[in-house]
Amino acid sequence: MGPVVVAEGLDLTFRTNDGPVQALSDVSLSVAPGEFVSFIGPSGCGKTTFLRCVAALETPTGGRLSVNGMSADAARKARAYGYVFQAAGLYPWRTIGGNVRLPLEIMGFPRAEQDRRVKDVLELVELSGFEKKFPWQLSGGMQQRASIARALAFDADLLLMDEPFGALDEIVRDRLNEELLGLWGRTGKTMLFVTHSIPEAVYLSTKIVVMSPRPGRIAEVIESPLPRERPLDIRDSAAFLEIAHRVREGLRAGHAYEG
Amino acid sequence: MSVFGLALLFWLAAWAVNAALARSRWRDASGVRVVVPVLFGAAILGLWEGAVRGFGVSPVILPAPSSVAARFAGETGLLWEDFLQTVLKGALSGYAIGCGAAFLVAVLIDRSRFLTRGLLPVGNFVAALPIVGIAPILVSWFGFDWQSKAAVVVVMVFFPVLVNTVQGLAEASAMQKDLMRTYAASYLQTLLKLRLPAAMPFVFNGLKIATTLALIGAIVAEYFGSPTRGMGFRISTGVGRLDIELVWAEIAVAALTGSAVFGLVSLVERWVTFWHPSQRS
């Protein structure tokens with residue numbers, strides 16, 4: 001199988017009222033099937049923009065980008081990926097079950113298949129029994145889990161996650177990280193994951209992409225030697241701390257450019 | 001004079017009871033929430049009755065509520081005929097046509113930035129047109145019967161509903177729209193599953209404003225020509241014939257109708273937009 005995502009010399013310049021802003025500059029990256037790739041960097045480093053390019057929510061102004069061997073927009077139309085946003089963004093007029101069902105309705109799954117999938121993915125994110133609740137009746141962590149279930153419902157092989165746990169507290173975040181790893185292990189999906197947190201990136205990833213701002217570019221790509229099976233206490237191991245240190249150094253080096 | 005004193009006493013007593021209820025621990029009980037406004041209304045009617053009788057006010061200036069009520073009971077046939085003409089034929093058909101057309105036009109022009117931007121000032125302009133100016137013109141176009149009243153109502157309700165619906169359709173957040181894009185949802189799917197539900201609080205805002213406008217429009221339009229029935233016709237001729245009790249009976253019908261229709265639309269709103277923070281209990 002070929003790589004899932006290939007970017008070559010990707011550029012994106014936004015036209016704003018204050019003149020052009022270069023959000024991405026010469027970004028090249030290849031993601032193999034089943035990898036868990038984290039993007040880390042300060043605000044404005046283009047990590048979210050890159051994810052949005054892969055999702056065809058933004059159009060690059062230069063370079064080449066392919067997703068599943070086709071253009072990003074063709075991949076979007078082929079429903080190649082599930083996207084998890086920073087906020088859960090559940091529709092308040094739909095129940096949790098109804099929200100998870102939304103993509104299935106749009107993609108025209110038969111009714112019985114919809115029921116089965118909603119039940120399955122809610123079980124996967126441990127929200128069974130909350131199907132008939134409305135989003136505002138659930139905590140922030142549970143809402144974000146529901147939004148992950150919604151992205152999983154149609155079983156795309158690629159999952160794009162934009163700081164999905166950024167707004168949650170440390171304890172909930174740890175739990176969801178652990179659950180996400182388990183989910184990745186069971187499903188073998190390819191993950192692209194944007195984060196602000198060094199421990200989160202190191203704990204989750206097989207590959208960590210360190211980015212730096214103005215213009216947004218890749219400063220360093222770190223391959224993680226950690227095993228795929230990762231208990232939470234792996235975060236105290238020497239190997240873990242070593243990678244975290246390298247990520248921190250990479251981030252610092254990226255900043256040094258600015259002067 | 002003693003009649004007025006008695007009424008004053010009743011009013012003070014009602015006030016005391018309401019104040020006590022509002023401070024009591026049952027103040028949130030549903031029964032109390034009905035009793036307090038009812039008692040308040042009854043106290044005002046009592047004071048009115050007492051003042052009219054106590055000071056011997058001429059019924060041509062202000063009839064007592066009891067004589068209005070007696071007239072109401074004696075003229076139910078006539079009042080029903082007027083209600084049928086003005087509310088059911090004029091106001092309701094105009095409301096349905098005006099709101100329905102506004103909703104459809106809002107959905108159709110929504111894709112054009114030029115039209116949605118351009119329509120807001122035009123909408124404000126039309127909303128500012130005095131109804132007494134356009135009603136005679138529409139009566140001369142559509143004739144004396146209820147059709148011209150419906151036309152006035154259409155003109156009055158169209159723009160408030162249109163403007164609110166257009167605003168509502170812009171209400172879905174960028175993230176919610178991006179989500180639909182990631183599903184490669186069609187325009188129609190995005191409209192039906194995201195933008196229309198998100199627009200509903202605004203749409204109902206427009207529909208509620210329109211209920212009041214429809215009733216005003218249908219009644220006032222009859223002042224400019226009407227067959228010999230209808231609430232506006234009865235009010236304008238009743239004043240001329242010094243039949244003030246009948247005028248007040250018509251006003252009572254209009255007030256009750258207005259409150260009932262507004263309440264009904266609010267009830268549907270509660271049912272449709274139960275999810276909105278302003279409706280959650």
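The values are calculated or read from the model by the stated rules, or taken from the named source; none is laboratory data. Because the structure is predicted, anything quoted here is derived from the model rather than measured. As a convention, Cβ positions derive from the backbone with ideal geometry for all residues, glycine included, and neighbour counts pool all protein chains shown.
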How many residues of the stretch B:24-43 are without any contact (Cβ under 8 Å) to a residue 24 or more places away in the chain and under 27 Å from the mean Cα position of the chain (by Cα)? The answer is 10
Could you count how many residues in the stretch A:32-58 are within 12 Å of chain B (Cβ to nearest Cβ) and on the phi < 0 side of the Ramachandran plot?
-> 7
Residues of the stretch A:189-242 being of a type in the set (Lys, Arg) and within 17 Å of the chain's Cα centre (by Cα), in sequence order, are A:Lys189, A:Lys207
May I ask you to verify whether A:Lys47 is surrounded by 24 or more Cβ atoms within 10 Å (Cβ to Cβ) and basic (Lys, Arg)?
-> yes
Could you tell me which of the residues B:Gly94, B:Gly74 is under 17 Å from the mean Cα position of the chain (by Cα) and either touching a residue at least 40 places away in the same chain (Cβ under 8 Å) or farther than 30 Å from A:Leu90 by Cβ (or both)?
-> B:Gly94
Among the residues of the stretch B:156-194, how many are crowded, with 21+ Cβ neighbours inside 10 Å and more than 10 Å from chain A (Cβ to nearest Cβ)?
-> 13
Is it fair to say B:Thr257 is within 19 Å of B:Cys99 (Cα to Cα) and either in contact (Cβ under 8 Å) with a residue 24 or more places away in the chain or more than 14 Å from chain A (Cβ to nearest Cβ) (or both)?
-> yes
Pairs, please: C-beta under 9 Å, at least 6 apart or cross-chain, first residue assigned by TED's automatic domain parsing to the domain that holds B:Val32 and β-branched (Val, Ile, Thr) and in the stretch B:6-20, second at pLDDT below 90 and in a helix (DSSP H, G or I)?
-> B:Val17/B:Val35; B:Val17/B:Val36; B:Val17/B:Leu39
By my count, helices (runs of 4 or more DSSP H) wholly in the stretch B:183-281 with at least 1 residues that are more than 30 Å from B:Val166 (Cβ to Cβ) are B:231-240, B:244-272
A:Val37 meets each of (1) out of contact with any strand residue (DSSP E or B) (no Cβ under 7 Å at 6 or more places or on another chain); (2) part of a strand (DSSP E or B) with one exception, condition (1)
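Okay, residues lined up against (1) of a type outside the set (A, V, I, L, M, F, W, C); (2) without any contact (Cβ under 8 Å) to a residue 24 or more places away in the chain; (3) surrounded by fewer than 20 Cβ atoms within 10 Å (Cβ to Cβ):
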| residue | (1), (2), (3) |
| --- | --- |
| A:Gly140 | yes, no, yes |
| A:Ile148 | no, no, no |
| A:Ala156 | no, no, no |
| A:Phe165 | no, no, no |
| A:Pro199 | yes, no, yes |
| A:Ser212 | yes, no, no |
| A:Glu223 | yes, yes, yes |
| A:Ile234 | no, no, yes |
| A:His245 | yes, yes, yes |
Set B:Gly123, B:Gly133: member being surrounded by fewer than 22 Cβ atoms within 10 Å (Cβ to Cβ) and either out of contact with any helix residue (DSSP H, G or I) (no Cβ under 6 Å at 6 or more places or on another chain) or among the aliphatic types (A, V, I, L, M) (or both) = B:Gly133
Here are some conditions: (1) among the charged types (D, E, K, R); (2) on the phi > 0 side of the Ramachandran plot; (3) within 20 Å of the chain's Cα centre (by Cα). A:Arg186 meets all but one. Which one does it not meet?
-> (2)
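A quick yes/no check of all residues on (1) assigned by TED's automatic domain parsing to the domain that holds B:Val152; (2) assigned to a helix (DSSP H, G or I):
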{"residue": "B:Leu62", "(1), (2)": "no, no"}
{"residue": "B:Ser67", "(1), (2)": "no, yes"}
{"residue": "B:Leu79", "(1), (2)": "yes, yes"}
{"residue": "B:Phe83", "(1), (2)": "yes, yes"}
{"residue": "B:Thr86", "(1), (2)": "yes, yes"}
{"residue": "B:Ala91", "(1), (2)": "yes, yes"}
{"residue": "B:Gly94", "(1), (2)": "yes, yes"}
{"residue": "B:Leu108", "(1), (2)": "yes, yes"}
{"residue": "B:Arg111", "(1), (2)": "yes, no"}
Could you tell me whether any residue of the stretch B:159-166 is over 22 Å from B:Ala91 (Cα atoms), touching a residue at least 24 places away in the same chain (Cβ under 8 Å) and assigned to a helix (DSSP H, G or I)?
-> yes
What strands (runs of 3 or more DSSP E) completely inside the stretch A:147-259 contain at least 2 residues that are touching a strand residue (DSSP E or B) at 6+ places or on another chain (Cβ under 7 Å) and under 28 Å from A:Pro135 (Cβ atoms)?
-> A:158-162, A:190-195
Looking across the stretch A:69-101 at residues that are of a type in the set (A, V, I, L, M) and under 19 Å from A:Lys119 (Cβ atoms), the single one that is nearest to the other protein chains (Cβ to nearest Cβ) is A:Leu90
